[in-house]
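Here's the structure we're looking at; comments come further down.
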Amino acid sequence: MSAVLDNQGHGGQVHDDHHAHAPTGWRRWVFATNHKDIGTMYLLFAFTMLIIGGAMAMVIRAELFEPGLQLLNPEMFNQLTTMHGLIMIFGAIMPAFVGFANWMVPLQVGAPDMAFARMNNLSFWLLIPAALMLIGGFFMPGGAPATGWTMYAPLSLQMGMAMDSTIFSIHIMGASSIMGAINIIVTILNLRAPGMKLMKMPMFCWSWLITAYLLIAVMPVLAGAVTMTLTDRHFGTSFFNAANGGDPIMYQHIFWFFGHPEVYIMILPAFGMISQVIPAFARKKLFGYTSMVYAIAAIAILSFIVWAHHMFITGMPVTGELFFMFTTVLIAVPTAVKVFNWTATMWRGSMTFETPMLFAVGFIFVFVIGGFSGLVLAMAPVDIQLHGTYYVVAHFHYVLVAAALFAMFASFYYWSPKWTGVMYNEMHGKIHFWWSMISFNVAFFPMHFLGLAGMPRRYADYPAQFTDFNQVASIGAWLFGLAQVYFFFWVVLPLLRGHGEKAPQRPWEGAEGLEWEVPSPAPFHTFETPPKLDPTATRVIG
Ligand code: HEM
Ligand SMILES: [Cu+2]
């Protein structure tokens, strides 16, 4: 608590730890109000969930290594795919981005902390009961929900009580996300240092500002959808229950009205991260800053009018299909602006390829592949063939794993010197990159072929003609999982233990921004009095 009440040392904008009373022991974490501590907890939580969800994926790929049923019965298989999806989306990717925001947004805008420090504590700690309730589903009668992460009716109305705990868990995680989003918005709008004009903000802050509005807009929609499911299950309503005159397709509309903006919630902060890493290692200013901001805003707005591209086979009127098809392909325009700008930033830059840059350039490659397969799926006549196949699985793993996760790896390598005060080992970082990049593609590229050949997703078994590509995919998946174990033991653990070369204040020659104006590791309290900024708002001058 002394962390927020501490008013000592008004002299400069940065103080060393010796006169800032950092709380110690378990209280430091349980009562944490410091954005850096909370950011660290978010990141550790997300990594733990990544490992748990990842372990499930390893089992799924083991079952799919050959046709027939070897390890799992079909019910268990579907429970695992469902929980894998829910854990990765709500437990790993989203909290990880919030963790990065907690650490970096106050540092980047020159604020002393997040606007609502105690609410920040609540947003984080809510995740623990939510995660327990979600994973606890496996131990309830009937096992975890086997609906797929989309929780479609009528299956969701037939599940055991783990469906209810999943619904409650989603409510709690949604509340946590909304509080996090409010915190980020208020911090950015109200706590910027004088001179940090909105249009001078680092792109990571811009991308999170827009993402936070998306979160506030759509998390309540998801809460509504699962609440209606809950009342259908227990309180006699029939929103989605066709047997009583309800409409299961309506569930899909409500879900995807949340769900498509949700996929942008999971990629926009990654765009912001990449927009910071590329200029730093190309030693050039970001090309087209203004157009980057408008492109993110355009993608966010468009994301509200494309949702039924997930529903092309539900029997929409053709005009409806055309509408959703055209709006979906329209998103390619601002997306292409961003890819163009990243490429133009690198053009004639003096580039070096330290691990953050490897992951950033890798991001562009795989994100473009995922974007193109999205465009293929957006063609209504094509999607009639591909919907519900492994082609969709390939598509969203390219955008979620290779794009969102790789962007976070890029940022981890980029910012961890600031967090820990030590440099990661460059050789281990590069091994992590190449190992992940190659094994990811071995795992997921063949899924395009499986999907095109008609292999459906969400089945524990498959006909023998799909065996070869499935074996390649499984081997790739296991290698990818192993790469993350390597990352933990050879990169993360040494950093947590403080092993490595001492990090300078600005380890990257081309890096710009206020986070590089404070020492490494960033002291417990930073910018307690608003810093004076130079006209570019990237340097502290007093
Ligand atoms: C270029 C932009 C994109 C386009 C045009 C696009 C298009 C589509 C379409 C049409 C589908 C439905 C396929 C089907 O079920 O038959 C789909 C599914 C999906 N997309 Fe994308 N997408 C894009 C980017 C993204 C991004 C950035 C993400 C996440 C970071 C994402 C995540 C997903 C997920 C998770 C699904 C599968 C949902 C499910 O049924 O379980 N997409 N996409
Ligand atoms: Cu979508």
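Some points to look at:
- Options ALA57, ALA62: the member that is in a helix (DSSP H, G or I), of a type outside the set (Phe, Trp, Tyr) and either at pLDDT below 95 or surrounded by 18 or more Cβ atoms within 10 Å (Cβ to Cβ) (or both): ALA57
- Whichever residue in region 97-113 is open to solvent by 10 Å² or more (accessible area, probe 1.4 Å) and not aromatic (Phe, Trp, Tyr) and, among such residues, is farthest from the chain's Cα centre (by Cα): PRO112
- A single member of LEU268, LEU358 is more than 12 Å from ligand 2 (Cβ to nearest atom) and closer than 24 Å to MET94 by Cβ, and it is LEU268.
- On the stretch given as region 315-329, residues that are under 29 Å from GLN276 (Cα atoms) and out of contact with any helix residue (DSSP H, G or I) (no Cβ under 6 Å at 6 or more places or on another chain) total 0.
- Looking across TRP508, TRP434, one residue alone is open to solvent by 50 Å² or more (accessible area, probe 1.4 Å) and at pLDDT 95 or above. It is TRP434.
- So SER416, is it outside any loop (DSSP other than H, G, I, E, B) and in contact with a Leu (Cβ under 9 Å, 6 or more places away or on another chain): yes
- Selected residue (only one of THR231, THR327 is within 12 Å of ligand 2 (Cβ to nearest atom) and more than 23 Å from the chain's Cα centre (by Cα)): THR327
- Taking first residues from region 330-358 that are under 14 Å from LYS285 (Cα atoms) and partners that are of a type in the set (Ser, Thr, Tyr) and not in a loop (DSSP other than H, G, I, E, B), the Cβ contacts under 8 Å between residues at least 6 apart in sequence or on separate chains come to ASN341/SER275; ASN341/SER291; TRP342/SER275.
- Some residue of region 213-222 being within 16 Å of ligand 2 (Cβ to nearest atom) and among the hydroxyl-bearing types (Ser, Thr, Tyr): no
- Residue within region 412-421 that is within 16 Å of ligand 2 (Cβ to nearest atom), of a type in the set (A, V, I, L, M, F, W, C) and buried (at least 22 other Cβ atoms within 10 Å of the Cβ) present: no
- Failed criterion for ILE210 (all others in (1) free of Cβ contacts under 8 Å to residues at least 12 places away in the same chain; (2) within 16 Å of ligand 1 (Cβ to nearest atom) hold): (1)
- Some residue of region 257-276 being away from ligand 1 (no atom under 16 Å from the Cβ) and free of Cβ contacts under 8 Å to residues at least 60 places away in the same chain: no
- Within region 387-407, residues that are over 17 Å from THR82 (Cα atoms) sit with their Cβ atoms under 6 Å from residues that are of a type in the set (Val, Ile, Thr) and within 14 Å of ligand 2 (Cβ to nearest atom), at 6+ positions apart or across chains, in these pairs: ALA404/ILE267.
- Against the criterion of being open to solvent by less than 50 Å² (accessible area, probe 1.4 Å), farther than 19 Å from MET325 by Cα and either out of contact with any Ser or Thr (no Cβ under 8 Å at 6 or more places or on another chain) or more than 16 Å from ligand 1 (Cβ to nearest atom) (or both), GLY349 qualifies.
- Considering residues of region 389-407 that are among the aromatic types (Phe, Trp, Tyr) and open to solvent by less than 10 Å² (accessible area, probe 1.4 Å) only, the residue nearest to PHE363 (Cα to Cα): PHE406
- Residue check for PHE304: in contact with a Phe, Trp or Tyr (Cβ under 9 Å, 6 or more places away or on another chain), within 14 Å of ligand 2 (Cβ to nearest atom), farther than 20 Å from PHE406 by Cα and open to solvent by 20 Å² or more (accessible area, probe 1.4 Å): yes
- Flag if PRO220 is closer than 28 Å to GLU515 by Cβ, open to solvent by 10 Å² or more (accessible area, probe 1.4 Å) and in contact (Cβ under 8 Å) with a residue 40 or more places away in the chain: no
- Listed conditions (1) away from ligand 1 (no atom under 15 Å from the Cβ); (2) over 23 Å from the mean Cα position of the chain (by Cα); (3) assigned to a helix (DSSP H, G or I) are all met by TYR251, apart from (1).
- Residues in region 133-165 that are more than 16 Å from ligand 1 (Cβ to nearest atom), crowded, with 24+ Cβ neighbours inside 10 Å, in contact (Cβ under 8 Å) with a residue 40 or more places away in the chain and not in a loop (DSSP other than H, G, I, E, B): LEU134, GLY137, MET163.
The values are calculated or read from the model by the stated rules, or taken from the named source; none is laboratory data. As the structure is a computational prediction, the values presented were derived from the model and not from experiment. Neighbour counts are summed over all protein chains in view; Cβ atoms, including those assigned to glycine, are modelled from backbone coordinates with ideal geometry. Quick note on the areas: whole protein, heavy atoms, side chains included, nothing else; ligands and nucleic acids left out. Shrake-Rupley method; radii C 1.70, N 1.55, O 1.52, S 1.80 Å.
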